[in-house]
1. So for the chain: antiparallel DSSP bridges make up what percent, rounded to the nearest 5?
2. Go through the stretch 18-30 residue by residue and turn each phi into a ³J(HN,Hα) via Karplus (6.51, -1.76, 1.60, θ = phi - 60°); whole Hz please, and just put x for glycine and proline.
3. What nm distance separates the two modelled labels at Lys429 and Lys81, each placed 7 Å from Cα along Cα→Cβ?
4. With viscosity set to 0.890 mPa s and temperature to 25 °C, compute the Stokes-Einstein D of the stretch 197-347, Rh being the Kirkwood radius across alpha carbon pairs; µm²/s, no decimals.
5. Relative to 2.2 N^0.38 Å, what does the C-alpha radius of gyration of the stretch 4-190 come to as a ratio? Two decimals please.
6. For the stretch 282-365, max minus min Cα coordinate along each principal axis, in Å, sorted largest first?
7. Output needed for the stretch 362-435: three equivalent-ellipsoid semi-axes, defined as square roots of 5 times the C-alpha gyration tensor eigenvalues, in descending order, whole Å.
8. If you build a Gaussian network model of the chain, linking Cα atoms that sit under 10 Å apart, which residue out of Gly332, Gly259, Gly84 swings the most?
Amino acid sequence: MDYSPILLNFNISELNEMQQAAMEAISGDKDVVLISPTGSGKTLAFLLPILPLLHADKEGVQVIILVPSRELALQIEKVFKQMGTAFKVNCCYGGHSVRIEENNLQQPPAVLVGTPGRIAHHLRTKSLVLNQTHTLILDEFDKSLEMGFKDEMEFIIHQGKNLKKRILTSATDLKDIPNFVGLKSAITLSFTNEHKDLKSALVVKSVKVVGDDKVEALMLLLGKIGSKPTIVFCNHREAVNRISDQLKVHKIEHGFYHGGLEQIDREKTLIKLRNGSIHFLITTDLAARGLDIPEIEVVIHYQLPATEDVMIHRNGRTARMNATGTAYFLLGPEDYLPKFLDVKPIEETLPNSFVLPEPMAWKTLYISAGKKDKVNKMDIVGMLLQKGNLKKDELGKIEVLDKSAYAAIKSNKILKTLQLVQTEKIKGKKVKMEIAS
């Protein structure tokens with residue numbers, strides 16, 4: 001099979017070493033365990049070789065992909081669609097409309113991606129059957145176990161009576177794979193050692209907090225970092241909220257992200273990060289893996305990682321592939337560098353006064369219509385360029401969700417554009433438009 005047209009859709013000319021090895025292994029008869037760092041291209045590595053296994057004349061779900069989070073499910077669905085095949089893909093996850101998913105499953109997709117809890121629900125209600133399913137992919141399998149999805153995964157796998165191939169992926173070594181997975185004579189591909197050279201692309205620094213105000217020290221550090229895309233990791237959502245409140249006081253544009261937020265608010269934050277409306281993301285470890293976000297230049301451990309795996313996943317958000325990045329450990333009076341940190345950090349000093357980062361060049365326009373309203377990107381582009389008097393370089397990334405859409409517009413143009421399009425219709429329908437908060 002010629003994969004070059006698909007690779008063009010991702011602006012790449014060839015697969016990396018890990019992807020090539022995965023292609024060869026998955027194309028064979030054996031089960032595969034793939035261990036490779038976050039950001040190394042695992043999604044494409046397991047999606048490409050399943051294409052020859054799909055048959056257009058078969059009805060029913062042929063490949064099922066189980067993931068620990070809704071964000072990862074959406075990312076895989078997006079990558080599969082970007083591949084541009086004729087095969088249907090659908091996504092099922094908590095927080096999404098059960099009715100929409102049930103309607104989608106009436107004409108089952110060839111590839112179904114979902115979280116274990118929601119997939120198990122559809123199996124129990126008989127809106128989903130797996131009698132045509134020949135391939136099971138457990139992406140970020142270790143994370144699914146950590147999140148307590150063992151029983152659901154065991155139930156789902158038991159329903160797949162005709163499974164012929166199993167593929168497990170993880171960013172870190174899998175010590176023990178439970179028997180319920182049903183692996184038989186699996187090939188294990190481990191690219192953790194081969195990617196040790198990525199450490200050289202990651203600069204590790206430590207910052208000692210003077211006094212007991214760790215939040216204020218973070219403000220000074222963010223001011224010094226400036227406009228570089230940055231993720232600040234906390235261990236608890238309360239810390240995320242506290243830091244966000246302080247950033248608002250300083251009028252620093254940012255997003256915050258944790259499991260206590262509504263799904264649409266989490267999606268909106270990631271959209272703003274992707275389209276350049278914000279550069280700072282304050283988050284729990286929920287954002288350490290499995291998210292579709294752009295290259296991050298800086299990672300800050302505001303609260304220290306509890307385990308080496310957590311640190312690896314956090315740091316894996318920067319210095320990805322051929323890029324460089326910096327990881328800061330912010331050390332309060334009672335904090336000590338983790339024992340599992342195997343490099344001596346460079347000590348960074350903080351400035352004496354806070355410097356406000358440059359304002360963002362982009363802002364995000366919210367539109368209250370999406371795919372379910374038959375609205376697509378070109379509808380929005382046409383409306384904003386023609387009616388909003390925007391030039392092409394003043395309109396940035398557009399993302400269309402089920403019931404809403406978001407468009408990045410140059411900050412100095414968005415208010416005027418909003419005035420011009422406020423009464424416009426899209427696809428003959430009046431829609432609400434406002435600057436996304």
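Every number here is computed from the coordinates shown, using simple stated rules; none is lab data. Note that this is a predicted model, so its numbers are computed, not measured. Here the Cβ is made from the backbone with ideal geometry for all residues, glycine too, and neighbour counts use every protein chain on show.
1. Details: 15 of 64 bridges.
Among the beta bridges of the chain, antiparallel pairing accounts for roughly 25 percent.
2. 5, 5, 5, 5, 5, 4, 5, 5, 5, 6, x, 8, 8
3. 1.6 nm
4. Estimated via Stokes-Einstein, D reaches 159 µm²/s.
5. On the way: Rg = 15.3 Å, N = 187, 2.2 N^0.38 = 16.1 Å.
Taking N as the residue count of the stretch 4-190, the ratio is 0.95.
6. 44, 37, 25
7. 18, 12, 11
8. Judging by the Gaussian network model, the answer is Gly84.
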